[in-house]
Structures are given as C-alpha cells and as structure tokens.
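Notes follow the structure.
The values are calculated or read from the model by the stated rules, or taken from the named source; none is laboratory data. Note that this is a predicted model, so its numbers are computed, not measured. When we count neighbours, we look across all protein chains shown, and the Cβ atoms used for this are built from the backbone with ideal geometry, even at glycine. These area figures cover heavy atoms from the full protein model, side chains too; ligands, DNA and RNA do not enter into them. Shrake-Rupley method; radii C 1.70, N 1.55, O 1.52, S 1.80 Å.
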Amino acid sequence: MNWNKREITERLCAGDSAGLFAEAAAVREREHGREVHLRALLEFGNHCRADCLYCGLRRGNRAVDRFALMPDQIREIAADAVRAGFRTLVLQSGEEAAQGPGFIVRVLHDLRGSSDAAITLSAGEWPSAAYASWFAAGAGRYLLKFETSNAALYSRLRPGRRLQERLGCLRALRKAGYQVGTGFMVGLPGQTIADLAEDLILLQRLDPDMAGIGPFIPHPGTPLAGSRRADGKRRGYPLEQSARTIDCDTGELTLRCVALARLMNPLCHLPATTALGVSLLHGWQKALDAGANVIMLDVTPRRYRRLYDIYPGRPDPQDDTLEALRHRHVRLLRDWGYEVAATRGDSLRGMPPRAFEHTSTRTA
Ligand code: 5AD
Ligand code: SF4
C-alpha cells in the first residue's frame, strides 16, 4: 500500500477503526496466517549512558538500582529459555560501555553452538565495527527503534543525539548483515498525528524486518513525569487538529499505527508491544487482531526485571518456570484463535535487499 501523508493522516483520524483493523488482519492472515512468534526477552543490564527524557533508565535517574548480569548467568537463562521452547532470544540492555562491545562478544561466544535459536540484540548505538563483531559472533538480528521521525522532537527528547545518527546506525546494521528491527512511540509530548503519519512513511521507506510500535507511558522518575496520560475515551480525531499535539487515546491510536504498518509493510514482523499491553486493556489481543504477529515474553529473573524500569506498569508474571510462562501464553493465544509458530520466525523479506543503503542515497 503506497499512501501519501494525507491519506495516512485520514486513517489515523477516522471516527471508526473497525474497517482498518479488518483490512490489516486480512493482510496478516495472507502473509503470516494465524501464527504468532513467541520471543524470549532477557534484559541483561540497566546501566545507560543516554539521557532520554522519556525513559526510567536514563542516566539522570539516580533512583535506579543498577544491575548487570554476568555472562554465565546469561548463558543459563538462555539455555533455560531454549529448553522451554523459545526459538528466539532477545538480549536487551541500556547503552553502556561496561556491557558494550567486548562484553557482548564474550556473551555471544558463550552462547554459540548451544542451540539453533536466533539471537537478537538490542543495546543501542555503537560504531559499525562493534555491530560487525557481534554479527560475526553469532547475533543475526538487531532492534533499534528510531523513536520518532520528527528530527527536532527526537533531539529534544534525546539530548545530544540526532535522528540522522540513529538512521546511520540502522544502515550500518543492515550493511553488517542483520535482520533489522526498528519502530517508534505514539503519544510523545509534543508529537502530532502528522508526525505519526511521517513515522509510518519512514517505516515503509526503511523496509525493516521487524517494527515495534508502542504508546508512550510517562515514568514518574523522568522529566516527562507530569505529561498527561491520554483520556482513553476519545476516538475520532478532527483532521484539522492533526498538526496539534496528540491528546486522544494513545492505545487506540497505537493500534491504528500497527494496522497501518501491517498494510504498508505486509511482510514485516510486528510485535504486540509490552507497552501496548500495559496501556490498553486486552492490548495484545487487539494488536494481533489489528495485524501484529509477534509477542515478546520477559524471561529476566524477577529480582532484576523490576529494576528494568523503562516505564511503569510492566507485567510481572509469577510463573514458576519459563516453560510454565510459555505454555500459559500458548494457551492464551489458542483462546484468542492463534497458533504459536514452530519456526524461528526469521525475516520474510528475503535477504539481503539493502533498503537502508537506498534510503541513505535518497536522503543524502
Ligand atoms: N514509554 C513507552 N516506551 C518507552 N521506551 C522507553 N521509554 C518509554 C516510555 N516511557 C521504549 C523506547 C525504547 C525502548 C527500549 O523502550 O522505544 O527504544
Ligand atoms: Fe537508555 Fe534506551 Fe532508556 Fe534511552 S530508551 S535512556 S537509550 S535504555
């Protein structure tokens, strides 16, 4: 689907979204069937040198108890996740030198050969050489959201950082051979519906293998603590207000973005994000019904998980084992009419059309 900004904006603002969700579900069904990929998410450290205004782990938040798992702890949890049936392990951390290039290579060497599970990394912005060394050490996928396509808003919310640098990292990742995931947040202070239309256009242009779209959730320990939560009731949005800051239901708006992302990127893996599950009742099920096809389950040990406090309200499952956690979700998905995929859930885009490189020549 090749829509222009106005057409996308109209769909984001429409009084009703049932038709949009049905269309997106049909494309999901055609390209991915009713299969959902379950990924295991391990948060291996919460130190971060960045100071993103929206995130509870920002450097400036002194109230955070910082932790870092050791390579042998990571190896044990990874083995446990694989035994429980997960076929993708997502290793996520803040952006931190001590858990940076050398440490990650060590972890990957430790994990190498232990299973055929895919390893996804999500550890922020690093030089191309670091990305290349991790790819060589066995990581095949990388997640790096562009967060917002509005360059001014981006730099306001991420002091000292520039959107162009982030896009440069995405290009470097693609060049290194990774299956690349990106994405953005919905309802950031100062963000407009028109910005979301641009986010969706950028997403289509980047042509990623995976895209996470989640609502912004204010964190009490950040400068954005006081930003208003959307009221959760208002739905339609007057088109003439599309240039004003978003103040409607971000849960519903996020679902619309997911549905549009599905229509604009039919093959892309789209998770029902944790943040959407937090901010919207039955958020995961609604996201799947609007075109999503991936769910990430947190396998971080509970005592560390509560310290990985990016935003408040994240679920705190109390299952005794990772197997119990996985099976509970297999059953849930069945109840919702979905099946858990038996494959690793690699990219369906076919590798490697170098879309990020094309983007770079177009924007240069
Ligand atoms: N609300 C929602 N999502 C957030 N993220 C960070 N802070 C928040 C928040 N307050 C997301 C960003 C980041 C990922 C690790 O978490 O998109 O890339
Ligand atoms: Fe660090 Fe990521 Fe949080 Fe920014 S969003 S402060 S880079 S953990």
Among 267-273, 307-313, what's the highest-first ranking by average C-beta atoms within 10 angstrom per residue? 267-273, 307-313
From DSSP H assignment alone, runs of 4+ in the chain each adding -39500 (n - 2.57), the sum over residues rounded to the nearest 500 puts [θ] at 222 nm at -12000 deg cm²/dmol
Less than 13 Å Cβ to Cβ from G138, Lys/Arg counted +1 and Asp/Glu -1: what total charge do the surrounding residues give? +2
Hey, can you grab everything whose amide H is under 5 Å from the amide H of L41? Only 5+ residues off in sequence or another chain; H modelled, so Pro and N-termini drop out. V90, L297, D298, V299
Would you pull out the residues with amide H under 5 Å of A118's amide H, same chain only if 5 or more places away, H placed 1.01 Å from N? T88, L89
Sort 63-75, 19-31 for me by packing, meaning the mean count of neighbouring Cβ atoms within 10 Å per residue, highest on top. 19-31, 63-75
Rolling a 1.4 Å sphere over the protein heavy atoms, what is the accessible area per residue of the stretch 72-164, to the nearest Å²? 40 Å²
The stretch 36-99 and the stretch 142-211: distance between their alpha carbon centers, rounded to Å: 21 Å
Rounded to the nearest percent, how much of the accessible area of the chain (1.4 Å probe, protein heavy atoms only) is carbon and sulfur? 51 percent
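In what sequence, highest mean first, do 332-341, 185-194, 161-170 appear when ranked by Cβ atoms within 10 angstrom?
Highest-to-lowest ranking by the protection proxy: 185-194, 161-170, 332-341.
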Base-10 log of normalised Debye intensity for the stretch 21-130 (one unit scatterer per alpha-carbon) at q = 0.10, 0.11 Å⁻¹: -0.40, -0.47
Hey, got the dipole for the chain? About the Cα centre, +1 on K and R Cβ, -1 on D and E Cβ, debye to the nearest 20? 540 debye
Amide H contacts of V340 (H built 1.01 Å from N, under 5 Å, at least 5 apart or other chain): V36
Put +1 on the Cβ of every Lys and Arg and -1 on every Asp and Glu Cβ in the stretch 1-103; which of G94, A40, N2 then has its Cα farthest towards the positive end of the dipole? G94
Expected max-MSF residue from G160, G221, G181 in the GNM of the chain (alpha carbon, under 10 Å) is G160
Here the stretch 328-334 yields Karplus 3J(HN,Hα) values (6.51, -1.76, 1.60; θ = phi - 60°; whole Hz; Gly and Pro given as x) of 4, 7, 4, 5, 4, 4, 4
Give the relative contact order (percent, whole number) for the chain; include only Cα pairs under 8 Å separated by 6+ residues. 26 percent
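Taking a 1.4 Å probe, which of I119, I295 shows the most accessible area, and what order do the others take after it?
I119, I295
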Under the Debye formula (equal points on every Cα, no solvent term), log10 I(q)/I(0) of the chain at q = 0.10 Å⁻¹: -0.57
How about the chain: what cysteines have no other cysteine beta carbon under 4.7 Å from their own? C13, C48, C169, C248, C257, C268
Positive minus negative residues near D298 (Lys, Arg vs Asp, Glu; Cβ under 14 Å): +3
